[in-house]
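One structure is given here, and the rest of the page talks about it.
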Amino acid sequence: MVDRRTGTAGRTARRVAAAGAGGLLVALALPAGAAVAGGGHGCEHGDNDSFDELLECMTADGVLEHLEAFQKIADNSTDPVYPGTRAAGTDGYADSVEYVAGLLREAGYEVTLDPVQITFNFPAELRQLTPTAAEYETGVFTGSGSGRIEAGQVVPVDVNLEGDRASTSGCEAEDFADLDLSGPADIALIQRGTCSFGLKAQNADQAGAEAVIVFNQGNSPDREALFIGDAQTLDLEGTMPATYDIPVVGASFAEGVALAQPGSTAFVEVLPAETRTDHNVIAELPGENRDNVVMAGAHLDSVIEGPGINDNGSGSAALLETALLMAEGEHENTLRFGWWAAEEQGLVGSADYVAGLSQAERDRIALYMNYDMVGSPNYVFMVYDADQSTFPAPEGVPIPEGSTAIEDVYESYYTLVGEPYDDTEFSGRSDYEAFILAGIPSSGLFTGAEGIKTEPQAAIWGGTAGEQYDPCYHLACDTIENLDRHALDVNSDLIAFAMLTFAYSTEPVNGVEGRDPRGGPVELPAPAGPEGTFVEAGGGAASGAVA
């Protein structure tokens, strides 16, 4: 992870930017989470273009129907390589695309299946041969080369297995200076920590290694298990490509300790990857203003380990239900929704989409909202920290003007319904990265991944201190049972609320005037301010690209 710095515990409350002559105005009479029979589907043919109507119709039951469909898609997938998942390049992902696109077409959206070239990695093998024999669960890092090492000498690289286990393993060429990697089958054993995986792999390749095993750092409970990340870049911001062509596979901390024993040898095999075509799903509903597009997105793929119901079925399902409920409305601004391919491979689908837009098309997008994991079972309500009140953005990560106005809407809504919230680092480590690099105002919601919940957080949001926000993050157990219904309910309402807010006016974000919502406006409260429970940067965020 990027070095984390303590920020302010709160912020001065302020009014959100004006949507008309006063503050940001909305019509909201019903409490968040108000439910009606039928899981929202009794509302599917209504206009739902007032906040009262939309929030009455947006229910956890309606969102759960989509999550159950994603679970069934994974369960029924007989993909020859990765059955039981919805990972990029698999039958499960293709069926997820068909499900989402089919419902949107039926609802009347203009649906585009945007083709994306993705890298499909086959299962890797990792076996320790000496001094003990064992077969280890592993996976291929994004960007890995291919190869087969029959009986490689395992060479630990500046590892730290005791004490605080602080690690800069493999981050500098000097780490390899006194190591003998001159043989025909040397495997560099590198510990997670500090720098990007791509830098570690490139340094190992240049030093003469024929393969790399990156094992988890082991310095905290969330850094013990097998971890597979993105090894495509030299920098944590993902701006400089790494150059190497050797296999890079993962291991848990315990397996790293075993592999670090003197005299250790191992078998590593990574098969050549394939290029396959997946699709982003893009759905558009024209508004009165065709040139002011309000966009929201969520990644649709899972990891290869399981069905990915929280990561990121939760964001995908909440966004889908929002789109279906808003399909009959007449809005001032054009609405666009995106479900992204291959986020788990390094934000591939969203990056490809934005790269394919002309500058004129980018200029039409007033804002982008990102929803990646919004129902974590041990949740904290978090908002991307666009105003940097808690976390300075990492070096090289831009925060486009107008992003703070989106953050304010989220925070004012949490304040309105009495839900405490905190900041999460505006890191660009999800599908909003391509949008902010293109200068498009962005924000989003997050309920936590592999970070550990603290005692103060458990006191505020409940749950279990000392456990991950999502104990099944990137594991097979990320199933329909791996959710907190309250978190999903509150955030689903907020996703719908924010979309309808900006469907009427984006003036606080980009200065484009809109119109008052149907039902009569009321003023949102100023944000109450984040709880300030994070003393380290990141805010529970996870990214395969960071060390």
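Numerical summary
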read-out	value
Criterion (touching a Gly at 6+ places or on another chain (Cβ under 9 Å), closer than 30 Å to Gly46 by Cβ and crowded, with 18+ Cβ neighbours inside 10 Å) met by exactly one of Leu64, Leu104	Leu64
Criterion (in contact with a helix residue (DSSP H, G or I) (Cβ under 8 Å, 6 or more places away or on another chain), assigned to a strand (DSSP E or B) and closer than 27 Å to Ser350 by Cα) met by exactly one of Val111, Val100, Val154	Val111
Segment 195-213 residues that are open to solvent by less than 30 Å² (accessible area, probe 1.4 Å), paired with ones that are at pLDDT 95 or above and among the basic types (Lys, Arg) (beta carbon under 8 Å, 6 or more apart)	Val212/Lys200
Unique match (being under 20 Å from Asp95 (Cα atoms) and open to solvent by 10 Å² or more (accessible area, probe 1.4 Å)) among Glu361, Glu332, Glu344	Glu344
Residue, farthest from Val512 (Cα to Cα), within segment 288-306, restricted to residues that are open to solvent by 10 Å² or more (accessible area, probe 1.4 Å) and not acidic (Asp, Glu)	Ile304
Subset tally (residues that are modelled with pLDDT under 95 and surrounded by fewer than 20 Cβ atoms within 10 Å (Cβ to Cβ)) for segment 424-449	0
Index of the failed condition, Ala355 passing every other in (1) aliphatic (A, V, I, L, M); (2) over 17 Å from Thr506 (Cβ atoms); (3) open to solvent by less than 10 Å² (accessible area, probe 1.4 Å)	(3)
The one condition in (1) surrounded by fewer than 24 Cβ atoms within 10 Å (Cβ to Cβ); (2) out of contact with any Pro (no Cβ under 9 Å at 6 or more places or on another chain); (3) β-branched (Val, Ile, Thr) that Val281 fails to fulfil	(1)
Residue within segment 489-508 that is over 21 Å from the mean Cα position of the chain (by Cα) and surrounded by fewer than 21 Cβ atoms within 10 Å (Cβ to Cβ) present	yes
Tally, over segment 260-277, of residues that are aliphatic (A, V, I, L, M) and either assigned to a loop (DSSP other than H, G, I, E, B) or open to solvent by 30 Å² or more (accessible area, probe 1.4 Å) (or both)	3
Number of the exception - Gln232 against (1) closer than 23 Å to Leu437 by Cα; (2) at pLDDT 95 or above; (3) touching a Ser or Thr at 6+ places or on another chain (Cβ under 7 Å); (4) open to solvent by 10 Å² or more (accessible area, probe 1.4 Å)	(2)
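Matching residues to (1) at pLDDT 95 or above; (2) among the β-branched types (Val, Ile, Thr); (3) touching a strand residue (DSSP E or B) at 6+ places or on another chain (Cβ under 7 Å); (4) in a loop (DSSP other than H, G, I, E, B):
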position	(1), (2), (3), (4)
Ala487	yes, no, no, no
Ser492	yes, no, no, no
Ile495	yes, yes, yes, no
Gly519	no, no, no, yes
Ala526	yes, no, no, yes
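For every residue, the table says whether it meets (1) surrounded by 15 or more Cβ atoms within 10 Å (Cβ to Cβ); (2) under 26 Å from the mean Cα position of the chain (by Cα).
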residue	(1), (2)
His45	no, no
Asp52	yes, no
Gln71	yes, yes
Ala87	yes, yes
Gly92	yes, yes
Asn121	yes, yes
Pro131	no, no
Gly143	yes, yes
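The values are calculated or read from the model by the stated rules, or taken from the named source; none is laboratory data. What you see is a predicted model, and the numbers here were worked out from it, not measured in a lab. No Cβ is skipped: glycine too gets one built from the backbone with ideal geometry, and neighbour counts run over all protein chains shown. All accessible areas refer to the heavy atoms of the entire protein, side chains included, with ligands and DNA or RNA removed. Shrake-Rupley method; radii C 1.70, N 1.55, O 1.52, S 1.80 Å.
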